[in-house]
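The values are calculated or read from the model by the stated rules, or taken from the named source; none is laboratory data. Nothing here was measured: the structure is a model prediction, and the numbers come from that model. A quick note on method: Cβ atoms are made from the backbone with ideal geometry, for glycine too, and the neighbour counts reach across all protein chains shown.
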Amino acid sequence: MRAVVGLSNELGMATTAQDVETEAQLALVAAAGCTQVQGYLFSPAVSASAVPELLGRMQTCPPSDAFLAVSNRDAVADTRASVQRDAA
């Protein structure tokens, strides 16, 4: 995983870790440098019609402490601001 993340970072590409189901997995992929994460830890699969409601709930739920502890806090703050701007 670290080789792929390292190559992606060198190329300026985002990396997405899929199937993250536990806080421990989240901490592992964040420590490896993954820039995006998805999986059951955040939400089970939902229909397209359920996405707006899911995103509305996510605005009130802060990112996991495990992710924040090892991720770039500025990038997280920028993402939060962007989500809040889009919701307004």
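The table for this structure:
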| quantity | calculated |
| --- | --- |
| Pair list, Cβ under 6 Å, 6 or more apart: segment 5-25 residue closer than 17 Å to residue 38 by Cα, other residue part of a loop (DSSP other than H, G, I, E, B) and of a type in the set (Phe, Trp, Tyr) | 21/40 |
| Check on residue 24, under 24 Å from residue 54 (Cβ atoms) and in contact with a Cys (Cβ under 7 Å, 6 or more places away or on another chain) | no |
| Check on residue 62, at pLDDT below 65 and not in a helix (DSSP H, G or I) | yes |
| Counted residues, segment 1-56 - those being among the hydrophobic types (A, V, I, L, M, F, W, C) and in contact with a strand residue (DSSP E or B) (Cβ under 6 Å, 6 or more places away or on another chain) | 6 |
| Checking residue 86 against (1) part of a helix (DSSP H, G or I); (2) of a type outside the set (Val, Ile, Thr); (3) at pLDDT below 85; (4) surrounded by 10 or more Cβ atoms within 10 Å (Cβ to Cβ), the condition it does not meet | (4) |
| Scope segment 16-50; condition surrounded by 13 or more Cβ atoms within 10 Å (Cβ to Cβ) and touching a Gly at 6+ places or on another chain (Cβ under 7 Å); matching residues | 20 |
| Index of the failed condition, residue 77 passing every other in (1) modelled with pLDDT of 60 or more; (2) surrounded by fewer than 14 Cβ atoms within 10 Å (Cβ to Cβ); (3) part of a helix (DSSP H, G or I) | (1) |
